[in-house]
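Chemist: I'd like to ask you about the structure that follows.
Every number here is computed from the coordinates shown, using simple stated rules; none is lab data. Bear in mind that the values here come from a model prediction, so they are computed numbers and not experimental data. Neighbour counts are summed over all protein chains in view; Cβ atoms, including those assigned to glycine, are modelled from backbone coordinates with ideal geometry.
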Amino acid sequence: MSEAPPPNAPPDWRVTLQPDASSFAAPASVTVLQAALAAGIDWPSSCRNGTCRTCMGHILQGQVQYQIEWPGLSAEEKAEGYFLPCVACATSDLEVMLPW
Ligand code: FES
């Protein structure tokens, strides 16, 4: 029997990866990269602090919130949907194009 989450627990969002449509749960309390690695996805990463851009993916749908003020993306890249999952937490379900 599974227990219901506590009433104030942050939600788990679902990240769907394209082009293969696989998906994993992304708790709002961890970064998208941490959630992907916990799900066994071999997502490329290096610095894990938002500077090297190794992990960069492309959001097709959904929203994230950054844990740092200035992730290593230009305003234009952000506007086009590029994101750095090592420093971004999901704030909705996401559809993401794989970076590799
Ligand atoms: S791992 Fe370096 S920016 Fe994400």
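Chemist: How far apart, in nanometres, would the label points at C52 and D20 be if each is projected 7 angstrom from Cα along the Cα-to-Cβ direction?
Modeler: Taking the simple label geometry, C52 and D20 are separated by 2.2 nm.
Chemist: Which cross-chain or sequence-distant (5 or more) residues have an amide H under 5 Å from the amide H of L73, H modelled 1.01 Å from N in plane?
Modeler: none
Chemist: If you count the DSSP beta bridges with both ends in the chain, what percent of them are antiparallel, to the nearest 5? Before the final figure, lay out the partial values.
Modeler: On the way: 13 of 17 bridges.
Counting DSSP beta bridges with both partners in the chain, the antiparallel share is about 75 percent.
Chemist: Just the Cα atoms of the stretch 12-97, one point each, no solvent: what log10 I(q)/I(0) does Debye give at q = 0.11, 0.17, 0.18, 0.19 Å⁻¹?
Modeler: So the normalised log intensities work out to -0.24, -0.59, -0.66, -0.75.
Chemist: Still on this structure, I have one more. Obtain the nm distance between the two label points defined at E77 and I41 by a simple spin-label model: each point lies 7 Å from its Cα along the Cα-to-C-beta direction.
Modeler: 1.9 nm
Chemist: Sticking with this one: Any chance you could run the full-extension gain for T91 through E69? It's 0.36 nm times the residue separation minus the Cα-Cα distance, nm to one decimal. Kindly include the intermediate steps, with their values, before the conclusion.
Modeler: Details: separation 22, 0.36 × 22 = 7.92 nm, distance 1.63 nm.
Difference between extended and current length: 6.3 nm.
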